[in-house]
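So the structure is just underneath, and the comments pick up after that.
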Amino acid sequence: MKVLKFGGTSVGSAERIKNVAKLVVERGKNIVVLSAMSGTTNTLVEISDYLYKHNIDGAKETINILENKYFATIHDLFSAEADREAATTEIKACFNYIRSFTKDLFTIFEEKEILAQGELMSTALMNIYMHSIGVKSVIIPALDYVRTDKNGEPDTQYIKQKLTALLEKYADAEVFITQGYICRNAYGEIDNLQRGGSDYSASLIGAAICAEEIEIWTDIDGMHNNDPRFVEGTTPVDELHFEEAAELAYFGAKILHPTCVLPAKLNNIPVRLLNTMCPEAKGTLIHNTSGKGTIKAIAAKDNITAIKIKSGRMLLAYGFLRKVFEIFETYKTPIDMIATSEVGVSVTIDSEKNLDPILDDLKKFGTVTIDRDMVIICVVGDLEWHNTGIEALALEAIKEVPVRMISYGGSNYNVSFLVKKEDKVRTLNLLSDHIFKKTK
């Protein structure tokens, strides 16, 4: 059995829901994981924001607009009146539930209940449509089996146990439909796996059932070897190691969420990235096999801030780096890149949320300078140190670009360069032209 995950754009209209249903039926008995229809989660966040601000009229108006969008989708999706009525009843129930929160007091847990309605509505529509075309599908509610523990991490044993029981209960079903993203926490409250969580859901489900393969369906034909928004002539990468995919996802390749790969990797389950709009495309296969000595792709991560701490006290002093890193840990701010010398250390962060107090604390240990609006350019492939010349090839390509920091050796799959925002597009194109032309 496979796990097939479809993102919001893949189910973003009546026509696309029909196309997904066709793909699902052709692939046989599998588990289908759905995101909310495109735009829905953002609108639900907007509704929640109105409720936090006690703007009840704004919330109600936005609810009405979104509800009408779903009613229009129902009209286009179903031809039989009975199916339209069934779908309308399901969707009305969800929106009436959302309206029940238009009161003075609104909490974070109520927001998560509102956000969950997006996935509940997309799966309801898909299930009713499947029945309308004669497919014996069944919904297995994610809220019945996806749970996080007290640390906020997925409870994999619970997921496996509850999901197995549900699959056995509905053994006669031809297709299983479930929600991505949403779950319950250790206290039974409705929660979620954060943005991009539908990929994570698919990976957790695949691990729980020891799936043959996990298919992630989006609106692009696999993970490209560079960002097609800025570089012409990019091509999909045929195969990636899990570590390579994780590096690309973390450093800017938006097609896959970084957390998705770990459960699949640990359980040795291949992940295939496919295009709903072009289902015949080969896509990208991600697995535990590495292609030795090859550069696979380039990605960029924006909105980076570089911080340099310079101190004569660092010379021959132990404990200096620990003190620096403890400051970032205190403010829950992760570090992307690190470079050290005898008298200083430079790091990069991708959030300035706690920048001012971080800088205040760092100034206790030395002189602090920052560079804003930087970009990390990440070159990914099998870059083990014995693969002579890989890093030199990248450096040669950008020899005329000012580079603030270089990170190499932190993993076997990534060499990263920190450049100015205005040099981003030039750097991506220079690397693409030099590396992929030379390695062909």
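Yes or no, residue by residue, for (1) surrounded by fewer than 13 Cβ atoms within 10 Å (Cβ to Cβ); (2) of a type in the set (D, E, K, R); (3) in contact (Cβ under 8 Å) with a residue 12 or more places away in the chain:
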residue: Thr73; (1), (2), (3): no, no, yes
residue: Arg84; (1), (2), (3): no, yes, no
residue: Asn96; (1), (2), (3): yes, no, no
residue: Ile114; (1), (2), (3): no, no, yes
Qualifying residue in the stretch 97-111 (condition: outside any helix (DSSP H, G or I), farther than 22 Å from Glu189 by Cβ and of a type in the set (Lys, Arg)): no
Failed condition for Lys301, given (1) surrounded by fewer than 20 Cβ atoms within 10 Å (Cβ to Cβ); (2) modelled with pLDDT of 90 or more: (1)
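Just name the residue that is farthest from the chain's Cα centre (by Cα) out of those in the stretch 366-383 that are in a loop (DSSP other than H, G, I, E, B) and touching a residue at least 60 places away in the same chain (Cβ under 8 Å). If you could, list the steps in order and put the result at the bottom.
Taking the stretch 366-383 first, the residues in a loop (DSSP other than H, G, I, E, B) are 366, 382-383.
Those left that are additionally touching a residue at least 60 places away in the same chain (Cβ under 8 Å): 382-383.
Working: Asp382: 23, Leu383: 25 Å.
Across the stretch 366-383, the extreme among qualifying residues is Leu383.
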Counted residues in the stretch 320-351 being assigned to a loop (DSSP other than H, G, I, E, B) and either open to solvent by 20 Å² or more (accessible area, probe 1.4 Å) or within 17 Å of Arg404 (Cα to Cα) (or both) come to 11
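Considering only residues that are in a loop (DSSP other than H, G, I, E, B) and touching a residue at least 24 places away in the same chain (Cβ under 8 Å), look in the stretch 352-365 and name the one that is least open to solvent (accessible area, probe 1.4 Å).
So in the stretch 352-365, the residues in a loop (DSSP other than H, G, I, E, B) come out as 352-354, 363-365.
Imposing the further condition that a residue be touching a residue at least 24 places away in the same chain (Cβ under 8 Å) reduces the set to 352, 365.
Values: Glu352: 81, Phe365: 47 Å².
Looking at residues that are in a loop (DSSP other than H, G, I, E, B) and touching a residue at least 24 places away in the same chain (Cβ under 8 Å), I get Phe365.
Okay, residues lined up against (1) aliphatic (A, V, I, L, M); (2) closer than 23 Å to Met223 by Cβ; (3) at pLDDT 90 or above; (4) touching a strand residue (DSSP E or B) at 6+ places or on another chain (Cβ under 8 Å):
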residue	(1), (2), (3), (4)
Glu280	no, yes, yes, no
Thr284	no, yes, yes, yes
His287	no, yes, yes, yes
Ile309	yes, no, yes, yes
Met314	yes, no, no, yes
Arg322	no, no, no, no
Phe328	no, no, yes, yes
Ile335	yes, no, yes, yes
Glu342	no, no, no, no
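Condition first: among the basic types (Lys, Arg) and in contact with a helix residue (DSSP H, G or I) (Cβ under 8 Å, 6 or more places away or on another chain). Can you find one or more residues in the stretch 52-62 that meet it?
Scanning the stretch 52-62, I find at least one residue that is among the basic types (Lys, Arg) and in contact with a helix residue (DSSP H, G or I) (Cβ under 8 Å, 6 or more places away or on another chain), so the answer is yes.
The values are calculated or read from the model by the stated rules, or taken from the named source; none is laboratory data. Worth saying up front: this structure is predicted, and the values here are computed from it rather than measured. Cβ coordinates were reconstructed from backbone atoms using ideal geometry, including for glycine residues, and neighbour counts include every protein chain displayed. Accessible surface areas use protein heavy atoms only, side chains included; no ligands, DNA or RNA. Shrake-Rupley method; radii C 1.70, N 1.55, O 1.52, S 1.80 Å.
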